[in-house]
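Participant: The structure that follows is given in the form of structure tokens.
The values are calculated or read from the model by the stated rules, or taken from the named source; none is laboratory data. The shown structure was predicted, so the numbers you read here are calculated from the model rather than taken from an experiment. Here the Cβ positions follow ideal geometry from the backbone for every residue, glycine too, while neighbour counts run over all protein chains shown.
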Amino acid sequence: MKLGILQCDDVRPELLRKHGNYPAMIQKLLSAADFPCEFSIFQVHHNEFPDHITVCDAYITTGSRYSAYDNLTWIRLLETFFLQIAETNIPVVGICFGHQVMAQALGGQVAKSPNGWGVGVYQNDIVLKTPWMDPVQSNLNLVASHQDQVINLPSDATHIAGCAFCPNYMALFTKNMLGIQGHPEFSKAYGRDLLECRIDVVPAAVMEQALASFNSEDDSIVCARWILNFFDEFKRKIYNSVQ
């Protein structure tokens with residue numbers, strides 16, 4: 001499978017040497033889930049997009065420091081890309097910022113949450129189980145780092161997971177567009193280091209709770225398997241359609 005990574009930001013310079021950049025994190029995660037992929041990286045935050053959506057079999061986004069509602073050309077182009085993808089059978093997974101841009105492109109609402117910062121490892125309840133969610137779990141715990149949330153899902157979206165803090169944590173926006181607010185690609189070490197870079201903006205009580213949460217288990221590999229199962233489901237559909 002040829003997987004396109006839609007890079008929406010770069011790791012902060014002071015963390016880059018230790019943790020690598022965001023595409024490398026995604027490559028490491030999916031490789032750990034033992035699924036063969038050929039990766040292509042598109043720096044969409046520098047206006048670099050695929051020449052045509054069919055150049056890859058599937059796509060996945062990184063997160064970003066930017067907001068979906070920022071008035072930036074590349075974000076509007078990313079929305080257009082997602083609208084084009086929605087008319088195909090090419091699967092795409094949006095992580096954090098990508099999840100939010102997908103929602104906004106398809107008619108949902110994204111805003112800074114009144115609940116404040118979502119940081120550390122926090123639990124979300126699975127409310128709908130699909131065939132590609134194997135291994136089966138009743139909840140999903142991932143590293144998070146966000147202020148924005150999908151406040152309202154698009155009318156045709158299917159809600160998959162959430163919690164009181166972030167109700168629209170995971171959703172299927174169209175049959176081939178999956179959004180996840182959390183970061184399966186973030187190691188807990190990177191999540192902790194990134195959080196400590198924000199000591200001046202994250203409230204002390206939130207910081208303390210988030211730092212403690214890094215001692216708990218996360219489900220990054222489980223989530224990686226779900227993502228790859230989701231991709232594989234569409235790969236089989238496309239293969240069968242041309243037989």
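Participant: Can you go through SER155, SER187, SER145 and tell me which one is over 26 Å from PRO13 (Cα atoms) and at pLDDT 95 or above?
Facilitator: Of the residues listed, the single one that is over 26 Å from PRO13 (Cα atoms) and at pLDDT 95 or above is SER155.
Participant: A follow-up question, please. All but one of (1) surrounded by fewer than 17 Cβ atoms within 10 Å (Cβ to Cβ); (2) touching a Lys or Arg at 6+ places or on another chain (Cβ under 6 Å) hold for THR80; which doesn't?
Facilitator: (2)
Participant: Name the strands (runs of 3 or more DSSP E) wholly inside segment 112-220 in which the number of residues that are of a type in the set (Val, Ile, Thr) and crowded, with 19+ Cβ neighbours inside 10 Å is 2 or more. It would help to see each step written out before you state the result.
Facilitator: Numbers: elements: 118-126, 139-146, 148-152, 158-162, 170-174, 177-180.
Result: 118-126.
Participant: Same structure again: In segment 133-159, how many residues are more than 14 Å from the chain's Cα centre (by Cα) and of a type outside the set (Asp, Glu)?
Facilitator: Keep residues of segment 133-159 that are more than 14 Å from the chain's Cα centre (by Cα), which gives 133-139, 147, 151-159.
Restricting the remaining residues to those that are of a type outside the set (Asp, Glu) gives 133, 135-139, 147, 151-155, 157-159.
The total comes to 15.
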